[in-house]
Amino acid sequence: MATFKKFEEIFAWQKARTITNKIYQVSNTGEFARDFGLRDQMRRAAVSIRANIAEGHGRRTEAEFANFLNIARGSAIEVQSHLYVALDMNYISRPDFDEVYEMLNEISKMTISLAQYLMA
């Protein structure tokens, strides 16, 4: 198993924690705050990234951990898709979109790299 003693040591989880906070921040203002469907779905998907990393770490095998990392990556991509809705509806600025989108790209790369390492 990977040498992480606690899920909090996993850099991808740390990044996911940061992105969750950012999603809550940008979705808590203006019209975005009143679009309950989009706001809540983005928040749930962002929380899911870090939750799946943590849950995977708690599983018994590296294969299970890798599977949860892939699920976390899927949630990151889901948030990226929702970001386009927020941008198109003018709920977020282009700089906020770009910042969050790039953070999600980093998390996606980290989770897939860790999953590939676990399966090697």
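Each reported figure results from applying straightforward, stated rules to the coordinates on display, with no laboratory input. None of these values were measured; they are calculated from a predicted model. We place every Cβ from the backbone using ideal geometry, glycine too, and count neighbours over all the protein chains shown.
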Restricting the range 11-31 to residues that are among the hydroxyl-bearing types (Ser, Thr, Tyr) and without any contact (Cβ under 8 Å) to a residue 24 or more places away in the chain, the residue that is nearest to Val100 (Cα to Cα): Tyr24
Residue, farthest from Gln80 (Cα to Cα), within the range 26-63, restricted to residues that are exposed (fewer than 12 other Cβ atoms within 10 Å of the Cβ) and hydroxyl-bearing (Ser, Thr, Tyr): Thr61
Candidate set: the range 64-120, residues that are β-branched (Val, Ile, Thr) and touching a residue at least 60 places away in the same chain (Cβ under 8 Å); chosen: the one surrounded by the fewest Cβ atoms within 10 Å (Cβ to Cβ): Ile92
Per-region count, the range 25-67, residues within 13 Å of Ala115 (Cα to Cα) and within 12 Å of the chain's Cα centre (by Cα): 2
Answer residue from the range 32-63, given it is in contact (Cβ under 8 Å) with a residue 24 or more places away in the chain and outside any helix (DSSP H, G or I) and is farthest from Thr3 (Cα to Cα) among those: Asp35
Residues satisfying the stated conditions in the range 21-31, i.e. assigned to a helix (DSSP H, G or I) and of a type outside the set (A, V, I, L, M): Asn21, Lys22, Tyr24, Gln25, Gly30, Glu31
